[in-house]
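Shown next, in C-alpha cells, is the structure this report addresses.
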Ligand code: SF4
Ligand code: SF4
C-alpha cells in the first residue's frame, strides 16, 4: 500500500462524516472462477479495505457498489446505499457473464435499505445477507452461507468505541480550532497553552464519554452525560488546585466542558450501534421525516416499540436473519417467530422493511 492510500485510509477513519469514496467496480480476490462466491459492499474506502483484508485467503468476486463513500449501515439507512446502487454495479460490472450461479451476498446491515425482492425481480440474482462484520465472512462461507447468532449481532467493543470517538474528536477539533482562532483575536489570554488545554479536554470528554457509555447504567444518554460531566468537573477542579491555579483557565475549562457535555448529550446513544438514537426518536415524535445532526441530514424511520401480528407470520426467518440485535427467536413448534428481546430493539427498521407478509410494525411508545 502506498503513502497516498494510507493517508486516504486515515482520512476515512477520522473524517468519515464527509464520505471517502473509492471507484465502484468489480474486484477479483485471489483466483476466482465461475463457481466462486460473489460479495458486494459499499464504496466507503475503510469498508472496502476491511472486506478485502477479511477475504485475502478466499478466491471470490467483490462488487463495490456506489454509496457516495458512506459506510454500509449509514448509507443503507440513509439515502446513499440503495437498491439502485446494487442494480447499477451488477449491470456495469458484467458479473453475470463471469459466474454460472446467481447468488449475491450483501452485508447484513444493508437490509434496512436494500430490497432483495426487487433485486431478484429485476436481475435474477438471489440475495443472501452475510454477517454483520467482514471478519466473519470466511467462517460464514465455510459454514455453507449460514450465520451464527453472534455473527448476526452488532456490538460496541473497545476498538469500535475508539473509532467512533476519534471520528467525533476530529470533527470537534476542527470546529473548535476555527472558533478558538476567531476568539483569540479579541482575548489576549488565549495562547497556545490554553489551546492545548482545550484540545486535551475535548479528547478526554470524547473518548471518556464513548468508552463509559455502556457502563453507566442509566436509561438515557442525556442522564449518562450528566453523571459523566459531574466527574469531569471534579477533574477540572483537581487540575486547578494541583496543576494550573489560574482562575481564567478554570472558568474556561468549566464553560468548555459544559459545552462539550451539551453537544454529546444531543445524541450520545445515537453514536453507538447498540442503543436507539434519542434525537431521531424525538424528531420522529414531532412528525419529522429527516433530522440534522452536526453537519449531515439523515432520513428517519419510525421509532417506538416493535410489535408483531403473529397470525400473519409464516415463519420465514427473514427478521431473524436481518435483525442486528437478535430480538427474535424462532418458535420451532408453531413455526412462527417470537419477540424474545424487544427491549434490545434499536429501531433500525430492517425487519419491518424486509418482512414479506408485513406483519411487523413499529408502534409509538
Ligand atoms: S419476516 Fe415476517 S413472516 Fe418472516 S418470520 Fe419474521 S415476522 Fe414472520
Ligand atoms: S427488531 Fe428492532 S433492531 Fe431488530 S431489525 Fe427490527 S427494528 Fe432493527
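Here are the numbers:
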| read-out | value |
| --- | --- |
| Check on residue 69, surrounded by fewer than 23 Cβ atoms within 10 Å (Cβ to Cβ) and assigned by TED's automatic domain parsing to the domain that holds residue 120 | yes |
| Residue that is within 21 Å of residue 80 (Cα to Cα), within 14 Å of ligand 2 (Cβ to nearest atom) and within 21 Å of the chain's Cα centre (by Cα), where the choices are 292, 326, 347 | 347 |
| Selection count where residues are buried (at least 20 other Cβ atoms within 10 Å of the Cβ) and within 16 Å of residue 276 (Cα to Cα), scope the range 322-344 | 4 |
| Breaking point among (1) assigned to a loop (DSSP other than H, G, I, E, B); (2) modelled with pLDDT under 95; (3) surrounded by fewer than 18 Cβ atoms within 10 Å (Cβ to Cβ), for residue 163 | (1) |
| Set 239, 211: member being more than 30 Å from residue 321 (Cβ to Cβ), touching a residue at least 24 places away in the same chain (Cβ under 8 Å) and assigned by TED's automatic domain parsing to the domain that holds residue 254 | 211 |
| Inter-residue pairs, beta-carbon under 9 Å, first without any contact (Cβ under 8 Å) to a residue 12 or more places away in the chain and in the range 325-343, second more than 10 Å from ligand 1 (Cβ to nearest atom) and assigned to a loop (DSSP other than H, G, I, E, B), 6+ apart | 329/340; 329/341; 343/327 |
| Residue match in the range 297-320 (condition: away from ligand 2 (no atom under 15 Å from the Cβ) and free of Cβ contacts under 8 Å to residues at least 12 places away in the same chain) | yes |
| Strands (runs of 3 or more DSSP E) (entirely within the range 263-365) containing at least 3 residues that are away from ligand 1 (no atom under 14 Å from the Cβ) | 290-293, 296-299 |
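The values are calculated or read from the model by the stated rules, or taken from the named source; none is laboratory data. Source: prediction; values computed, not measured. Glycine also receives a Cβ, built like all others from the backbone with ideal geometry; neighbour counts cover every protein chain displayed.
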